[in-house]
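What follows draws every value from the coordinates through simple rules; no lab data is involved. No experiment lies behind these values; they were computed from the predicted model shown. Backbone-built Cβ (ideal geometry, glycine too); neighbour counts: all protein chains shown.
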Amino acid sequence: MRVVNTVSLIDRIAPPAGANLHHDPPPSVAAEEGERPQSILVVDGLDVNRRLIRAMLKTARYRVLEARRASEALSIISRENIDLLIVDLMMPEMSGQEFCRLVKSNKKTQFTPILMLTSVQGVENEIASIASGADEFLTKPLHPEVVRTRVRAMLRNKAAVDSLEEAETILFALAQAVEKRDQYTGDHCERLAGYSVALGQALGLARSQIVALHRGGYLHDIGKICVPDAILFKRGPLTEEEWVVMRAHTIKGEEICRPMKTLAPVLPIIRHHHEKWNGTGYPDGLAGEDIPLLARILQVVDIYDALTTARPYKAAYTHEQAKAMMEEEVRRSWRDPELVPLFFECCQHGFAERDMELEAASVRQSLDNMRNELLK
Ligand SMILES: [Fe+2]
């Protein structure tokens with residue numbers, strides 16, 4: 001049987017117009033000082049308390065909004081971009097702690113920091129408030145400078161998290177732009193993310209590794225932004241010089257994503273998804289289990305998807321043909337001899353029919369948890 005040069009094939013992959021990124025948009029636009037005043041919502045049932053907080057924050061350029069009760073506050077939050085909530089523990093309608101839980105369980109507001117205030121003494125209140133989702137806690141009487149310092153620090157953190165999310169979203173958008181250069185590959189990235197997550201789950205990988213696989217599905221070829229169209233879409237064989245440029249997409253991709261600390265677990269996937277089991281791949285010629293597992297997983301599903309999808313220069317192979325080709329590659333010592341059979345075992349057990357929406361929802365949950373960890 002003729003074995004296609006899947007490395008060349010994979011190198012030319014780039015998904016479709018309209019690829020749907022399963023990456024959550026940032027909940028808010030990054031707030032930089034000087035760009036727009038940051039918004040603070042003070043939630044307190046007593047007019048005098050709200051006025052007091054407003055007066056304390058007067059010296060800084062904040063936009064201070066007020067709410068007398070929880071329902072009013074939730075209504076404001078639903079239509080305004082709030083950067084900080086200052087909430088009294090004792091409120092009409094519901095307690096401050098119940099309010100915290102509501103805010104933190106809402107996808108749109110879960111990263112909005114909450115400063116809880118109370119005149120009720122006792123460390124148990126502080127513990128319960130923090131447990132309910134409050135980020136900081138101050139007991140009355142309030143010292144104006146303490147309030148201002150705490151508010152400044154919380155808003156600084158909020159702006160940092162917003163920037164982080166914005167940078168991450170830009171990267172994913174960049175990856176989408178790279179994929180859109182090729183009009184022929186359908187929902188390649190989405191399928192890769194779904195397949196590799198399912199394979200990772202079959203292997204019993206940790207949640208953080210599953211999240212990395214999902215992100216790797218979208219970001220693994222981001223370095224192709226550095227490969228000129230004349231090389232990426234060349235119909236004939238590449239020259240050695242052109243191959244040098246093409247192979248560099250792994251290293252360039254790693255360089256692009258390296259500044260994002262949250263993408264650290266994805267870097268090995270980006271760099272090593274073209275290594276070969278016998279050490280003849282690139283960029284580092286790693287062999288066997290020296291090739292990071294997540295990169296090997298992504299590679300298996302990447303090859304399968306490339307084979308079973310039509311390209312301008314080839315028709316789609318059937319599942320059986322793709323299986324035979326990949327088994328041949330295992331015999332040639334190019335691919336992981338355990339992972340490839342496991343992948344086809346997963347296929348046999350309805351792997352392809354897995355509920356991708358469910359997978360994406362579970363990964364979204366993991367991403368949310370990661371963000372929560374960032375906020376700690
Ligand atoms: Fe690649």
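For this structure, a couple of remarks:
- Three principal axis lengths of segment 168-289 [C-alpha, angstrom, descending]: 41, 34, 28
- Anisotropy class of segment 38-164 from Cα gyration tensor, a/c 1.5 cut: rounded
- Rounded to whole Å, sorted largest first: equivalent-ellipsoid semi-axes of segment 293-339, Cα gyration tensor: 19, 13, 8
- Note on Thr149 and Leu46: the extension gain reaches 34.8 nm, defined as 0.36 nm multiplied by sequence separation minus the Cα-Cα distance.
- Neighbour-count ranking [beta-carbon atoms within 10 angstrom, fewest first] of Leu232, Leu52: Leu52, Leu232
- Here's the list of lysines a cross-link from Lys323 could span, going by alpha-carbon distance under 25 Å and ignoring same-chain residues fewer than 8 apart: Lys276, Lys314.
- Ignoring lysines fewer than eight residues from Lys108 along the same chain, the ones with Cα atoms less than 27 angstrom from its Cα are Lys158, Lys261, Lys376.
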